[in-house]
Amino acid sequence: MRVVIAGGHGQVALRLERLLAVRGDEVAGLIRNPDHAGDLRAAGAEPVVCDLEAASVEEVAGHVSGADAVVFAAGAGPGSGAARKETVDRAAAVLLADAAERAGVRRYLMVSSMGADAPPPEGTDEVFAAYLRAKAAADADLRRRDLDWTILRPGWLTNDPGTGRVRLAPKVEPGAVPRDDVAATLMALLDTPASAGLVLELVAGDTPIAEAVAAVTAAR
C-alpha cells in the first residue's frame, strides 16, 4: 500500500510509519515543521512539508494523490489553546477528507478520542472540552461522507511498551492504551477493508489485535 499520514511527526504516526515501512509499504507523512523530516526518514517514511492550517484542498489533494489510504493522526498537541483544537483537530481533518475526495482516495482512517461521542462533562477543562468538541465535529463530518472511513477512538495514551493485546469494540470501558498498540491496531484496520464504516473504541486488553479486528468486523 501507499499510505499518507497527516500529522506525520506525531508519536502514534511515527510508530505507524515504522510498522508500515518495515513490511514494505510506501508511507509518507505530512509535517508542518521541515526540521522534523529527518525523524520521518529514520522511521522509513517520506516527509512531505504541508501546513494543514494553511494549505488548500488542491495542495493536499496533490500530496495524497495515488495513495491507497490516508490516516489523520494530526493534533494541536499539549500546550495549545482552544483555537488550535478547532483549526487542527477539526478543520485539518475536514481538509484531509476534502482532499481525499478530490484525489479519489476512498480509504480514510481517523484517529479520534474516547469521549468524542458525547458532550464534555460539566467541569471539564476548557481546552480539553474544546478538543473533544473538535474531535466530535471531525468525526461527524467524516461519517457523512461517501468514503471508506474507519474512526478509532483510543483511551488515554501511554508510552508503555505495547503488548499486542487490546479491547476493541464500538463501546468499551474507559482506560489507557499504549501508543504502540494504537499504531498496530491502525495497521490491522488498514489491512481489513471490512472495518470501513465502523466507529471503534480502543483500550489495553487481553485479545490479540488481529483477533480483535476480526471480531468487530464479523459482528457487523
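Farthest toward the positive end of the dipole of the range 4-83, out of 64, 19, 5, is the Cα of 19, where the dipole comes from beta carbon charges about the Cα centre. Using a 1.4 Å probe on the protein chains only, how many percent of the accessible area of the range 2-219 belongs to carbon and sulfur? Accessible surface attributable to carbon and sulfur in the range 2-219 totals 51 percent.
Per residue, the range 69-195 exposes an accessible area of 43 Å² to a 1.4 Å probe, with every protein chain left in place.
Close amide H partners of residue 149, meaning residues 5 or more places away or on another chain with modelled amide H under 5 Å apart, are 108, 197.
When 133, 15 are compared by accessible surface with a 1.4 Å probe, the order from highest to lowest is 133, 15. Global dimensions of the range 2-219 from alpha-carbon coordinates: Rg and Dmax equal 15.9, 47 Å.
Report the full-extension gain for the segment residue 35 to residue 127: residue separation times 0.36 nm, less the Cα-Cα distance, to one decimal in nm.
Extra length from residue 35 to residue 127 when fully extended: 30.4 nm.
Multiply the residue gap between residue 68 and residue 159 by 0.36 nm, knock off their C-alpha separation, and tell me the result in nm, one decimal place.
Details: separation 91, 0.36 × 91 = 32.76 nm, distance 2.88 nm.
Stretched out fully, the residue 68 to residue 159 stretch lengthens by 29.9 nm.
Beta bridges from DSSP with both residues in the chain: antiparallel share about 15 percent, rounded to the nearest 5. A simple spin-label model places the labels of residue 23 and residue 219 2.2 nm from each other, with each point 7 Å out along Cα-to-Cβ. Placing +1 on the Cβ of every Lys and Arg and -1 on the Cβ of every Asp and Glu, with no other charges, gives the chain a dipole of roughly 300 debye about its Cα centre.
Would you calculate a helix-derived [θ] at 222 nm for the chain, using -39,500 (n - 2.57) for each DSSP H run of n ≥ 4 and dividing by the full residue count, to the nearest 500?
Values: 7 runs with 80 residues, N = 220.
So the calculated ellipticity at 222 nm is -11000 deg cm²/dmol.
The values are calculated or read from the model by the stated rules, or taken from the named source; none is laboratory data. Fair warning: this is a prediction, and the values are worked out from it, not measured in the lab. Cβ coordinates were reconstructed from backbone atoms using ideal geometry, including for glycine residues, and neighbour counts include every protein chain displayed. Surface accessibility is based on the protein's heavy atoms, side chains included, excluding ligands, DNA and RNA. Shrake-Rupley method; radii C 1.70, N 1.55, O 1.52, S 1.80 Å.
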